[in-house]
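Structure first, then comments.
Please treat every number below as a calculation from the coordinates, not as lab data. Note that the structure is a prediction, hence the values are computed from the model and not measured. Cβ coordinates were reconstructed from backbone atoms using ideal geometry, including for glycine residues, and neighbour counts include every protein chain displayed.
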Amino acid sequence: MPVTKSSTSSKKKPSIQEYYYGLGKRKTAVARVRLYKNGKGELTVNEKTGKTYFPVKELLEVINSPLKLTSLAKKFDISVKVDGGGSTAQADAIRHGIARALLDFDGELRPTLKKAGFLTRDSRTKERKKPGLKRARRAPQFSKR
């Protein structure tokens, strides 16, 4: 179901924009994604353009992969608020959020997105440090004498 947001300013007429929402997660990164209808395919991440926020071309391809798979790349403007994690985890979280928002837009896309693995949250996280070890599994160096 699309969410309608109305914004009012002092002199302008209130504009109503319809969007589809999806929450994406990966490691410690959380992405809140909005797909705005009748867009031009523009990506905004944390108030910056997509190319500015993600200068690495491969990460932008990861983000746009659900839209390319469903051939909806130029139909939506994407607005994202993302927190936590590194750049790769953030890109994967955004991809997950876009896929969930596309489901909100059209439930018929579920088999396509599910088969590509875009709806499954990648639950791998960093393993905790154990007592007596340097890291999660790295033991201190053995000394014979």
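Some notes on this structure:
- Relative to the longest principal axis of the Cα atoms of the chain, the long axis of helix 57-69 lies at roughly 50 degrees.
- Cα-based Rg / Dmax (Å) for the chain: 19.5, 81
- Partner aspartates and glutamates whose Cα lies under 12 Å from the Cα of Lys81, excluding those fewer than 8 positions away in the same chain, are identified as Glu47.
- For peptides 23-31, 100-108, sequence by mean Cβ density within 10 Å, most packed first: 23-31, 100-108
- Pairs exceeding 19 Å between alpha-carbon atoms, taken from Lys68/Lys115; Lys25/Lys126; Lys27/Lys57; Lys74/Lys115; Lys51/Lys115: Lys27/Lys57; Lys74/Lys115; Lys51/Lys115.
- Overall size of region 41-114 from C-alpha positions, given as principal axis extents largest first: 32, 23, 20 Å.
- Its alpha carbons give region 76-145 an Rg and a Dmax of 19.5, 68 Å.
- Taking every C-alpha pair closer than 8 Å and separated by at least 6 residues, the mean separation divided by the residue count of the chain gives a relative contact order of 28 percent.
- Only alpha carbons enter this Debye calculation for region 34-82, each as an equal point scatterer, and the log10 of I(q)/I(0) it gives at q = 0.13, 0.24, 0.31, 0.33 Å⁻¹ is -0.26, -0.91, -1.28, -1.31.
- On Cα atoms only, tilt of 87-105 relative to the major axis of the chain in degrees: 40
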